[in-house]
Amino acid sequence: MTRIDNNAVSVRGLVKHYGDTKALDGVDLDVRQGTVMGVLGPNGAGKTTLVRILSTLLQPDAGEAVVAGYDVLRQPRQLRRVIGLTGQYASVDEKLPGWENLYMIGRLLDLPRKDARARADELLERFSLTEAAKRPASTYSGGMRRRLDLAASMIGHPQVLFLDEPTTGLDPRTRNEVWTEVKAMVGEGVTVLLTTQYMEEAEQLASELTVVDRGKVIAGGKVEELKARVGGRTLRVRPVDPLQAPPLAAMIDELGITGLAGTAVDGESGTLLVPILSDEQLTAVVGAVTARGITISSITTELPSLDEVFLSLTGHRASAPQDAKTTDDRQEVAV
């Protein structure tokens, strides 16, 4: 398999079995250089298996993959020098201080001692860990260990970075710090493949999304494209007089326009939330409001939330990443 122009990752027909369970069932995937590909899916969908194969930690049963120009199966040693990996759980040596963790990884990557020291200092400062540089990693908070783990994945200036649910269990402040660093990496030209179950994280970071379920890719595209694919928008109509909202909602429902049953009212803002399926329905609602002589403060349309897209595509909501270890994880531990 040859590298496809402008793609940092090209995957064709990846298959992986664990006994009778097919973790990956013919996965195809392309990730453009310098972008973030978000891979979404429920627990056990195959996300972690995909990351482990692309980072050379696991061999597929069938299929091909090229990462940063290297064949995953035929050139694993060369590939490991140009990728970084941050798994679901911090993998740093907790007995070593933060600085020594980074220096050690730099030396393992064959960086000269001077360069390894400089790179460790640089990344500790970048990830706000300089003051804790000489402390054992075991004394770090969960967020600090996660930042150290992310710094470790950057030691070798990777061309492609794999982030497997990198903010699992982090508080919102630390999660935002990680997001900021990921955005900075992409700004420097790094390509990122991100698995996540946080819908907000996917929207914040990913330029494109791939949704996997039961080992298969079931949808893909830009965030807005996936939202549009689900079908339906919400029309938000806010009268100048909030007291007019309830009777206006009742009037819209009474019109019997297809697909408009169930108009809701946000009591706090006095805004109508009208589900619509087409531009024709939107026009009909606006026309009805205008004919009623009601003065409108604002009127906007919204696409479905990413969580609603996930629910529509997979049949269930994304579960919180910290709730349980994934089926992927349990199976791979046994491999």
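The values are calculated or read from the model by the stated rules, or taken from the named source; none is laboratory data. Small disclaimer: the values here were computed from a predicted structure and weren't measured. Positions of Cβ are backbone-derived with ideal geometry, glycine not excepted, and every protein chain shown enters the neighbour counts.
Of the residues making up the stretch 142-161, those that are outside any loop (DSSP other than H, G, I, E, B) and either of a type in the set (G, A, S) or under 17 Å from M104 (Cα atoms) (or both) are G142, G143, R145, R147, L148, D149, L150, A151, A152, S153. Just so you know, in the stretch 13-62 the residues that are charged (D, E, K, R) and surrounded by 22 or more Cβ atoms within 10 Å (Cβ to Cβ) include one that is nearest to the chain's Cα centre (by Cα), and it is K47. If you go through the stretch 52-93 and keep only what is in contact with a helix residue (DSSP H, G or I) (Cβ under 7 Å, 6 or more places away or on another chain), among the aliphatic types (A, V, I, L, M) and not in a strand (DSSP E or B), you end up with L58, A68, V72, A90, V92. Just one of the numbered conditions (1) at pLDDT 90 or above; (2) more than 22 Å from W179 (Cα to Cα) is not true of L109: (1).
Yes or no: G34 assigned to a loop (DSSP other than H, G, I, E, B), small (G, A, S) and under 22 Å from A206 (Cβ atoms)?
Criteria met by G34.
Cβ-Cβ distances below 7 Å connect no pair with a first residue in the stretch 259-276 that is basic (K, R), a second residue that is at pLDDT below 80 and assigned to a loop (DSSP other than H, G, I, E, B), and a separation of six or more residues or different chains. Inspection of the stretch 187-195 finds a residue satisfying the criterion of being crowded, with 20+ Cβ neighbours inside 10 Å and either without any contact (Cβ under 8 Å) to a residue 12 or more places away in the chain or in contact with a Gly (Cβ under 7 Å, 6 or more places away or on another chain) (or both). Looking across the stretch 270-290 at every residue that is among the polar types (S, T, N, Q) and either under 12 Å from R233 (Cα atoms) or surrounded by 13 or more Cβ atoms within 10 Å (Cβ to Cβ) (or both), the one that is modelled with the lowest pLDDT is identified as S278. When the stretch 198-222 is filtered for residues that are part of a loop (DSSP other than H, G, I, E, B), touching an Asp or Glu at 6+ places or on another chain (Cβ under 7 Å) and crowded, with 17+ Cβ neighbours inside 10 Å, only G215 remains. If you go through the stretch 128-152 and keep only what is in contact with a Ser or Thr (Cβ under 9 Å, 6 or more places away or on another chain) and more than 20 Å from Q88 (Cα to Cα), you end up with just A132. Of all residues in the stretch 140-175, those that are under 12 Å from L193 (Cβ atoms) and without any contact (Cβ under 8 Å) to a residue 40 or more places away in the chain total 0. Taking the stretch 113-132 as the range and being of a type in the set (G, A, S) and either in a helix (DSSP H, G or I) or modelled with pLDDT of 95 or more (or both) as the test, the residues that pass are A116, A118, A120, A132.
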